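The next block holds one structure in the form of structure tokens; read it before the comments.
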Amino acid sequence: VQSLQEMARSSIVEQWSPYYSDYVSYHGQEFYADTVIMNEFKRNAGTDTQQDALLLSWMQLGVVTEYLMGLLGNADQMCEGSTDEDPTKWWDAFAATYIGSLEGIDLGGSDQTIDGFMLWNVANRRAVSFDTQNDDYYADINNEMLELLFAGQAQLLRNDCNNFAKTVSRALHLMVIPLIQSVIWYAIKNEGLIASSNDDGLVIGEVAAKSVLPIVNKFDPNAARIIERNMIRSDDNFVPVVDGPQAVANAFYLVLDEIGWGCDYVGHADGVEACQLESATGPRNNGSSKQGAVTILALLANTIFWGYSAWLS
């Protein structure tokens, strides 16, 4: 059992996450999410709504995401034989942590959006907004993730590490899509607000952006600057979503192609199209199939808040 703070400072992330150095380089320090969270707690957490939103979104979108990357990298390295440790343990840990302990055993997870905290829940909530649900009313992204989880399990049983490495990469980049959807969603919601607004969406959108910007910056620095200009409060002259939400969505287009999924899984919301640029460049094949649903295993995530909640008492 690990607390969220232990996840935030885990040596697994530092040692095995494929994007660890990109996050350190972009944020200018190690354990950036943990530093932000702890500084906010020291500033008397719970005194305003925006602070609560900032803390919760950093835990969900920042800490959990980076920890998941570490688990995936670790599973890949264990399969390649760097140690005698069983990689299945780390693959199962990724599955449990991605899904969480509150989704239950029903197909698609809980039908109550308040019942989840992990990225599975984020993907399901964004799927409603972006019209990316499957026929069983849960996220296409999560259906694809389930298929990858079962594929990886079978590859590990066969000791097929070459194909397992490909599955790891696809799972890692698939879980980035709910973060991208979250940035676009809050770009839509934040347009027209002023920088001094107390709307929670300003801080959630900024955290979502900072949680994915190290990856965006790696593949497309110009796109990263666009997202920063629209989503991150840099000074007193900041105007939320100054270029409009479609500009934010367009900024992710090339990055989505680089990470191997394309824009289709992102979808569209309130007239903002993730694939708007496709008409200019031609359709791209994201190399994935949206097949039928598979049954969810009863995956339990023993992820708890003890490391941070002590500060609230």
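Residues in segment 13-37 that are surrounded by 19 or more Cβ atoms within 10 Å (Cβ to Cβ) and part of a loop (DSSP other than H, G, I, E, B): S17, Y19, F31.
Can you confirm whether segment 40-62 contains a residue that is closer than 18 Å to M145 by Cβ, of a type outside the set (K, R) and in contact with a Phe, Trp or Tyr (Cβ under 8 Å, 6 or more places away or on another chain)? Checked against the condition, which is being closer than 18 Å to M145 by Cβ, of a type outside the set (K, R) and in contact with a Phe, Trp or Tyr (Cβ under 8 Å, 6 or more places away or on another chain), segment 40-62 yields at least one hit. Of the residues contained in segment 255-262, none is found to be outside any strand (DSSP E or B), over 30 Å from P18 (Cβ atoms), out of contact with any helix residue (DSSP H, G or I) (no Cβ under 7 Å at 6 or more places or on another chain) and not β-branched (V, I, T).
Under the condition of being of a type in the set (S, T, Y) and assigned to a helix (DSSP H, G or I), the residues counted in segment 215-240 number 0.
Of all residue pairs spaced 6 or more apart or on separate chains, those with beta-carbon atoms under 7 Å, a first member in segment 239-263 that is within 18 Å of D140 (Cα to Cα) and without any contact (Cβ under 8 Å) to a residue 24 or more places away in the chain and a second member that is among the small types (G, A, S) and surrounded by 16 or more Cβ atoms within 10 Å (Cβ to Cβ) are C263/A274.
Just one of the numbered conditions (1) modelled with pLDDT of 95 or more; (2) of a type in the set (D, E); (3) not in a loop (DSSP other than H, G, I, E, B) is not true of D243: (3). The criterion of being outside any helix (DSSP H, G or I), more than 16 Å from the chain's Cα centre (by Cα) and without any contact (Cβ under 8 Å) to a residue 24 or more places away in the chain does not hold for E40. Taken over segment 1-27, residues that are hydroxyl-bearing (S, T, Y) and touching a Pro at 6+ places or on another chain (Cβ under 7 Å) amount to 3. Each residue in segment 112-138 was checked for being within 16 Å of L61 (Cβ to Cβ) and free of Cβ contacts under 8 Å to residues at least 40 places away in the same chain, and 6 pass.
In segment 217-234 there is at least one residue matching the filter, namely being farther than 30 Å from T88 by Cα, touching an Asp or Glu at 6+ places or on another chain (Cβ under 9 Å) and at pLDDT below 95. The helices (runs of 4 or more DSSP H) found entirely in segment 118-184 that carry 2 or more residues being closer than 22 Å to L4 by Cβ and open to solvent by 10 Å² or more (accessible area, probe 1.4 Å) are 119-130.
On the stretch given as segment 190-213, residues that are part of a loop (DSSP other than H, G, I, E, B) and small (G, A, S) total 4.
The values are calculated or read from the model by the stated rules, or taken from the named source; none is laboratory data. Being a predicted model, the structure only gives us computed values, none of them experimental. FYI the Cβ positions are ideal-geometry reconstructions off the backbone, even for glycines, and counts take in every protein chain you see. Note: areas computed on protein heavy atoms with side chains; ligands, DNA, RNA excluded. Shrake-Rupley method; radii C 1.70, N 1.55, O 1.52, S 1.80 Å.
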